[in-house]
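Below is one structure; the comments refer to it alone.
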Amino acid sequence: MNVNRIIEVKEGNTLEAAQGLLSSLLKAHLVDALFAPQTAADSAMSSALVSDPDALAKSNPFAPVMVANAAKDVAQATLAQPDRHIGAVLRPCEIRALVELAKRGRANLANLTVVGIDCLGTLEPFDYMRKSLAAGGAAEMTMQCMQVAEEGEIMCQTRTACQMCERPAPRGADVTLGFIGVDATQELLVIAADESADARLRLSEMTDRLAHEAKVARREATLTNIIARHNAVADRELSKIETALGSLAGALTMLATCTECRLCLRACPLYDGELDDTSVSLVGQLGAIARWLVSCSGCGMCQESCPNGVPLAVLARALSRPLRAKLDYTPGRSITEELPWAAAS
């Protein structure tokens, strides 16, 4: 059962409150190092592994931008350093990808602490930097986005994949920093996965008080409304795609600009050569592709990386939706849930 706590935000500085909690994890030696989104001098964001608590002063986990799905780097670190206790600050789609990688033996979660964050969507990097400059800086831009999150609103037009996100709140995190349905200028929700995680991470020492049930209920209600809106966007976008795919001309037109640069495959955190092994039969390849699509985390990095504007995120959703319905499977729902084909074997 979740344990819900509150961090009080001082002087409206939500980012500083989050940085303080992350820093405490390092100072208390609860993790040896922490993957966290770091702000560069030009306002660009990238996830970096830091072990110095002071370095987290440059961390901005709520910045509405995503240049790569950090699950791939986190997964590689857990395999390269299996005995090191690593923490990772991840968005919901990154957690979903990480869970699916672990089920495939491509990540080791034994010594990993996942700090999940609510996410109301991300902008393309250029748009993010432009809007950050207009707002007076990355921190100011982030706070403007968070201030409307109490009602579940999205301040900026975000990427298509984000507008279709199936669940913009973390599943499978050890602890979640929640701001959906919360006045983030005043407080943050800190949600431990269970009493064991709450005790292990000493959250009673790092937070100000337990959260009233009404706070948690408001977040869930707001989240439900956001998911409903996202599903409506997904239905609209998928209808367009399915109409196009219904004719050969439509499908070919959609893919005509693809130059086979493979940047989308490099950007995908889950891709594992499903299109590369020519020794496998066509049926075998199609089966591998289907399994890959079933586990798609919906991060949209494939479409983000495409230089020719192919709507890959929507295509992936359109292709994966019937597969998931057939297999009754939701990617990243639980680390203990077997992959459908593993359960059947």
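Positive-end ranking of Y128, A199, Q186 along the dipole of the range 88-210, with charges on Cβ about the Cα centre, is headed by Y128. Taking amide H atoms as placed 1.01 Å from N in the peptide plane, the amide H of F179 lies under 5 Å from those of D118, each 5 or more residues away in sequence or on another chain. Could you tell me what fraction of 2.2 N^0.38 Å the Cα radius of gyration of the range 56-159 comes to, as a two-decimal ratio? It is 1.20. What is the range 291-336 by shape, rounded, prolate or oblate, if you read a ≥ b ≥ c off the alpha carbon gyration tensor as root eigenvalues and call it rounded for a/c under 1.5, prolate for a/b larger than b/c, and oblate otherwise? Oblate shape, in that a/c is at least 1.5 and b/c is the bigger or equal ratio. If you take the square roots of the eigenvalues of the alpha-carbon gyration tensor of the range 112-204 and sort them as a ≥ b ≥ c, do you get rounded (a/c under 1.5), prolate (a/b over b/c) or oblate? Because a/c hits 1.5 or more and a/b exceeds b/c, the range 112-204 counts as prolate.
Of all lysines in the structure, those lying under 25 Å Cα to Cα from K72, and not within fewer than 8 positions of it along the same chain, are K58, K103.
Summing Lys, Arg as +1 and Asp, Glu as -1, what charge do residues with Cβ under 15 Å from the Cβ of Q144 carry, Q144 excluded? Around Q144, the surrounding residues sum to -4. For the range 257-344, the Cβ-based charge dipole about the Cα centre amounts to some 300 debye (Lys, Arg positive; Asp, Glu negative; other atoms uncharged).
Only one residue of A217, F62, A232 has its Cα farthest out toward the positive end of the dipole of the chain, where Lys and Arg carry +1 and Asp and Glu -1 on Cβ, and that residue is A232.
For the range 105-139 versus the range 159-215, the inter-centroid distance based on Cα atoms is 16 Å. The range 255-301 and the range 56-79 have their alpha-carbon centroids 23 Å apart. By the Kirkwood approach, averaging reciprocal distances over each pair of separate Cα atoms, the range 185-281 gets a hydrodynamic radius of 19.1 Å. For A70, what is the net charge nearby, where nearby means another residue's Cβ is under 9 Å from its Cβ and Lys, Arg count +1, Asp, Glu -1? Surrounding charge for A70 is 0. In the elastic network of the chain, a GNM with C-alpha springs shorter than 10 Å, the most mobile of C261, C165, C145 is C261. Over all directions, the projected convex hull of the C-alpha atoms in the chain averages 17.9 nm² in area. Mean-square fluctuations from a GNM of the chain, with a 10 angstrom spring cutoff on Cα atoms, peak among V182, V280, V31 at V280. When the range 257-344 is described by a simple charge dipole with +1 on each Lys and Arg Cβ and -1 on each Asp and Glu Cβ, the residue from L263, P311, L339 located farthest towards its positive end is P311. Packing, as the average of other Cβ atoms within 10 Å across residues, places the peptides 222-231, 170-179 in the order 170-179, 222-231, highest first.
The convex hull of the Cα atoms of the range 1-125, projected and averaged over all directions, covers 8.6 nm².
Near L323: Cβ cut-off under 12 Å, other residues only, Lys/Arg at +1 and Asp/Glu at -1. The net charge is +4.
Computed over the range 257-344, the Cα gyration tensor eigenvalues convert (square root of 5λ each) into semi-axes of 23, 17, 11 Å, ordered from largest to smallest.
For the chain, relative contact order (Cα pairs under 8 Å, six or more residues apart, normalised by length) works out to 21 percent.
No value in this document is a laboratory result; all are computed from the given coordinates. The shown structure was predicted, so the numbers you read here are calculated from the model rather than taken from an experiment. Cβ: placed from backbone, ideal geometry, glycine included. Neighbour counts: every protein chain shown.
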